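Right, one structure below, let's go through it.
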């Protein structure tokens, strides 16, 4: 008899999808179980994404990233400042 095991590949979710799930989780209109059913993601994963977003949130309002300041430098030099 042959073994008919199916291998499931790990699904990779886009940042936009994760953001949509996290925003819904932060609203707290629905439980994590309801959100997991709605979005097709395990409730533990929804909780992890929510915690990850909350930990990163203070950095959003922190200092400017280096990339942003580097992008503005050529513009200011071109204007003669």
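Below, the figures for the structure above:
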| read-out | value |
| --- | --- |
| Candidate set: the stretch 8-32, residues that are part of a helix (DSSP H, G or I) and exposed (fewer than 11 other Cβ atoms within 10 Å of the Cβ); chosen: the one farthest from the chain's Cα centre (by Cα) | 27 |
| Boolean, residue 35 is in a helix (DSSP H, G or I) and at pLDDT 95 or above | yes |
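The values are calculated or read from the model by the stated rules, or taken from the named source; none is laboratory data. Everything quoted here is computed from the prediction, not taken from an experiment. Positions of Cβ are generated from backbone atoms using ideal geometry, with glycine treated the same way; all protein chains shown enter the neighbour counts.
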